[in-house]
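Below: the structure, in structure tokens.
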Amino acid sequence: MVPLIIGCPLELFKGQVMNPINVGLVGAGTIGGGVVKILAKQGEFFRNKLGLPIYLKRVADVATQRFANLPVGDAACSANADDVLSDDEISIVVELVGGTAFARKLVLDALNRKKHVVTANKALLAEYGPEIFSAAEKNNVSVLFEAAVGGGMPTIKTIREAMIGNDIHAIKTIINGTCNYILSQMSGAGTAFETVLAEAQANGYAEADPTLDIGGGDTGHKVAIMASLLYGGYVPYDSIAIEGITSITPEDIAFAAELGYCIKLLGIIKHDAEANVVDVRVHPAMLHKEHILASVNDVFNAVLLEGDAVGDILLYGKGAGEMPTASAVVGDIIDAARDLVSGPVRRINMDYYAQEKELSLKPHGEVISRFYLRFTVKDEPGVLATIAAMFGEHGISIASVMQKEGFAKDAVPVIFLTHMAREEHFRTALQEIEHKSFIKHTTQVIRIED
Ligand code: HSE
């Protein structure tokens, strides 16, 4: 007998009898809960208008009390993910448990049972991508992961489908809402990093353990995935140069503002076509206030993609949270269901990723950029001239200098902005300057991105 879905016999869809497309969800936390809500709200539209007989058949979560507050309908709910994996009628498994240990096992198990997988797990893909995509290839099923990068913003689809006709030669992105919120709050009120972080945690904007966010790792996972998709090879997460925002002070934000800049945590991907290497990095950066990313504030995310044919494209929106992330997960469920109905599977191949062909990354020392430096120096004759001369000896040119009155003579902040300089030359010069006796604290360095 053909199953009924919300009272609608399947054979009514354009006269065709279709098997149900059963979905199994593992993880009914914040995002999983959002997915259940969207499937309940939009299910009839998917079935009756799109002709996709999608049915949430099972939900698994160890925190079984979550089920009572969700519109799970007729779905069988249990604490055991094996109930989802061992159900032969489930063809799409949605993994929303997070972490990499259990999730890796779950995803590989689902793929080996020839089920399509939808996941929001950026860490899993950035760290175990080749293993996962090779299991998908071997079993001729798909791994879909729009929600892993940029939450509700259609970043993966834009890169792999909408902009596929372009050489996307650069991406600059603000893709961690926690960091963007913290930096925005610090800019507004001049509050210290630790204070804003504590407030953000109290308000639920930041994780209890925020290390991955504020240390830049979450942004690193996302740029690793994007760079891999853009240039056709695996980018190992641990090969990316990553700096977080913990050293940024309200003083730096105020000095930057005075010079016409704001400070954002950026993920940067640049293709050096001539050398055939890709520059992938994550660090705080000063952006001119007129830069299109400078107006991306609070928890909002943005991805600026530079294509050779289309020019610049800016994606802007909510990169995290229950419903924005669930929106991307459901988009992937629909993609998998469309493939199941219309025949092709693995419409977008990931073979190049599965083969562990690593991209050649640009050595970090060869990256060229401008720098902001905040020296803390003893206010005595010859200090500025000595710093400028030492930079000059390494071929580094100073663009501007700022010193304020009103500080104690033995610890005065002096701000330098350089012209373009090669990272390794800059670091060598700075190391030599840091040995001078007039230097009173470790120098703050922030790259300037134009
Ligand atoms: N923790 C991330 C953020 C969202 O703060 O943007 C999930 O990647």
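The values are calculated or read from the model by the stated rules, or taken from the named source; none is laboratory data. Remember, it's a predicted structure, so these values are computed and weren't measured experimentally. Reconstructed Cβ throughout: ideal geometry from the backbone, glycine too, with neighbour counts over all protein chains shown. Side chains included, ligands, DNA and RNA excluded: accessible areas come from the protein's heavy atoms. Shrake-Rupley method; radii C 1.70, N 1.55, O 1.52, S 1.80 Å.
PHE300 meets the conditions (1) open to solvent by 20 Å² or more (accessible area, probe 1.4 Å); (2) more than 16 Å from the ligand (Cβ to nearest atom); (3) within 13 Å of the chain's Cα centre (by Cα) in every case but one. The failed one is (2). Filtering LEU183, LEU197, LEU212 for residues that are open to solvent by less than 10 Å² (accessible area, probe 1.4 Å) and either assigned by TED's automatic domain parsing to the domain that holds VAL330 or within 15 Å of the ligand (Cβ to nearest atom) (or both) leaves a single hit, LEU183. Condition check for LEU230 on (1) more than 12 Å from the ligand (Cβ to nearest atom); (2) open to solvent by 10 Å² or more (accessible area, probe 1.4 Å); (3) within 26 Å of ALA254 (Cα to Cα); (4) in contact with a helix residue (DSSP H, G or I) (Cβ under 8 Å, 6 or more places away or on another chain): one failure, at (3). Condition first: surrounded by fewer than 24 Cβ atoms within 10 Å (Cβ to Cβ) and not β-branched (Val, Ile, Thr). Now tell me which residues in region 321-336 satisfy that. Selection gives GLY321, GLU322, MET323, PRO324, SER327, GLY331, ASP335.
How about region 19-128: which strands (runs of 3 or more DSSP E) wholly inside it have at least 3 residues that are open to solvent by 20 Å² or more (accessible area, probe 1.4 Å)?
Qualifying strands (runs of 3 or more DSSP E): 54-60, 76-78.
Screening ALA135, ALA170 for residues that are in the same structural domain as ILE292 (by TED's automatic domain parsing) and away from the ligand (no atom under 16 Å from the Cβ) leaves exactly one candidate, ALA170. Among helices (runs of 4 or more DSSP H) entirely within region 205-263, having at least 2 residues that are acidic (Asp, Glu) singles out 250-258. Cβ-Cβ distances below 6 Å connect the following pairs, each with a first residue in region 303-315 that is under 17 Å from ILE225 (Cα atoms) and touching a residue at least 12 places away in the same chain (Cβ under 8 Å), a second residue that is open to solvent by 30 Å² or more (accessible area, probe 1.4 Å) and among the aliphatic types (A, V, I, L, M), and a separation of six or more residues or different chains: LEU304/LEU314; LEU305/ILE313.
Just one of (1) out of contact with any Leu (no Cβ under 7 Å at 6 or more places or on another chain); (2) buried (at least 17 other Cβ atoms within 10 Å of the Cβ) trips up ALA388, so point out which. Evaluating ALA388 over (1) out of contact with any Leu (no Cβ under 7 Å at 6 or more places or on another chain); (2) buried (at least 17 other Cβ atoms within 10 Å of the Cβ) leaves (2) as the failure. Would you confirm, using the coordinates I've provided, whether GLU380 is acidic (Asp, Glu) and open to solvent by 30 Å² or more (accessible area, probe 1.4 Å)? Criteria met by GLU380.
GLU423 meets each of the listed conditions (1) open to solvent by 40 Å² or more (accessible area, probe 1.4 Å); (2) at pLDDT 95 or above; (3) away from the ligand (no atom under 16 Å from the Cβ) apart from (1).
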